[in-house]
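What follows is calculated from the coordinates using simple rules that are stated; it is not laboratory data. Values in this document were obtained by computation on a predicted structure and should not be read as measured data. Note that each Cβ is placed from the backbone with ideal geometry, even for glycine, and that neighbours are counted across all protein chains shown.
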Amino acid sequence: MSPITVYGADWCEDTQRTREHLDAIGVPYQYVDIETNDRAAAWVKEQNGGKQITPTVRMPGLVLAEPSDGELDAALRSRGVLA
């Protein structure tokens, strides 16, 4: 299992963008559709002050809500996933 998890919804353009970006840069991740997983949806709301923000990306020691590609890349670099 990848240490990176993308919590999102299939209909969400930002979720699609984040997944496409991770695919393009070759970073493996697990995708969880919060529309079909109530526990995941509750976790996302806990992380975001009660709001369902997609995507919410979890990696070791960090949770990002709706990150830009640049923010995501910086977080991946800081955790040694990207050079």
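Span-like helix criteria (full DSSP H runs; alpha carbon extent of at least 24 Å along the helix axis; mean Kyte-Doolittle hydropathy of at least 1.6) are satisfied in the chain by no helix.
Entry note, the chain: relative contact order of 33 percent, from Cα contacts under 8 Å with a spacing of 6+ residues. Considering only DSSP beta bridges whose two residues both sit in the chain, what percent are antiparallel, to the nearest 5? In the chain, DSSP labels about 65 percent of beta bridges as antiparallel. Only helices enter the 222 nm calculation for the chain: every DSSP H run of n ≥ 4 contributes -39,500 (n - 2.57), and dividing by all residues gives -12000 deg cm²/dmol, rounded to 500. Counted residue by residue at 0.36 nm each, then reduced by the alpha carbon distance between them, the extension gain from Glu20 to Arg39 reaches 4.4 nm.
The order of Arg17, Arg39, Arg79, going from fewest to most other C-beta atoms within 10 Å of their C-beta, is Arg39, Arg79, Arg17.
When the Cα gyration tensor is reduced to axis lengths a ≥ b ≥ c, the ratio a/c is 1.5 or higher for the chain, and with a/b above b/c it is classed as prolate. Overall, region 5-78 carries a charge dipole of about 300 debye about its Cα centre when +1 sits on the Cβ of Lys and Arg and -1 on the Cβ of Asp and Glu, all other atoms neutral. Taking 0.36 nm per residue of separation and subtracting the Cα-Cα distance, full extension of the segment from Gln30 to Gln52 would add 6.1 nm.
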